[in-house]
Every structure is written in C-alpha cells, then in structure tokens.
Amino acid sequence: MERQAVDELELVIEFDPEDARAYLEMAGIHLRAGRYEEATRSVNRALELDKTPEAYLLLARIELSQDKRE
C-alpha cells in the first residue's frame, strides 16, 4: 500500500514538478515509515514551492521525530 502511494506520488511529481501538495504527501509517507532524510527532502521541496503552515508543521514533526529540538 505504501509503495503504491509513493509510486503514484512520483508520477504526479513527474507530471507536475511544481505540485507542492504531492511533496507534502510524500513527506508524510516517508515520516510514517521512519525515513527521515527522505521526509526532510520532500518537505523542504514543498516549502520551496509554497510556504504553507502545514509544511512547516510537518517539518517540525519530522525534526521532533528525530529529536532535533533546538
């Protein structure tokens, strides 16, 4: 199920590399799977495209999951 979602999001991103929502969804999947580097890359790309509160919240969740509190 997770692999299928990642594959579909990769197709969305290939079709529209400016789709910030797809990067956010991808980051969420990676976070839930414990792939923090991939999650961070995806959420950072989403933030480059659209600086939304949701993206900043997800970035904070990723960092907290890694215990990267400042």
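The values are calculated or read from the model by the stated rules, or taken from the named source; none is laboratory data. No experiment lies behind these values; they were computed from the predicted model shown. Remember, those area values only see protein heavy atoms, side chains included, never the ligands or the DNA or RNA. Shrake-Rupley method; radii C 1.70, N 1.55, O 1.52, S 1.80 Å.
At a glance:
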{"item": "Length-normalised contact order for the chain - Cα pairs under 8 Å, 6+ apart - percent", "result": "26 percent"}
{"item": "Cα Rg over Rh - the range 1-41, Kirkwood", "result": "0.95"}
{"item": "Probe 1.4 Å, accessible area per residue of the chain, Å²", "result": "70 Å²"}
{"item": "The chain pair-distance distribution - Cα-Cα, 5 Å bins, rounded %", "result": "4, 20, 30, 24, 16, 5, 2, 0"}
{"item": "Protein accessible area in the chain, 1.4 Å probe - carbon and sulfur %", "result": "51 percent"}
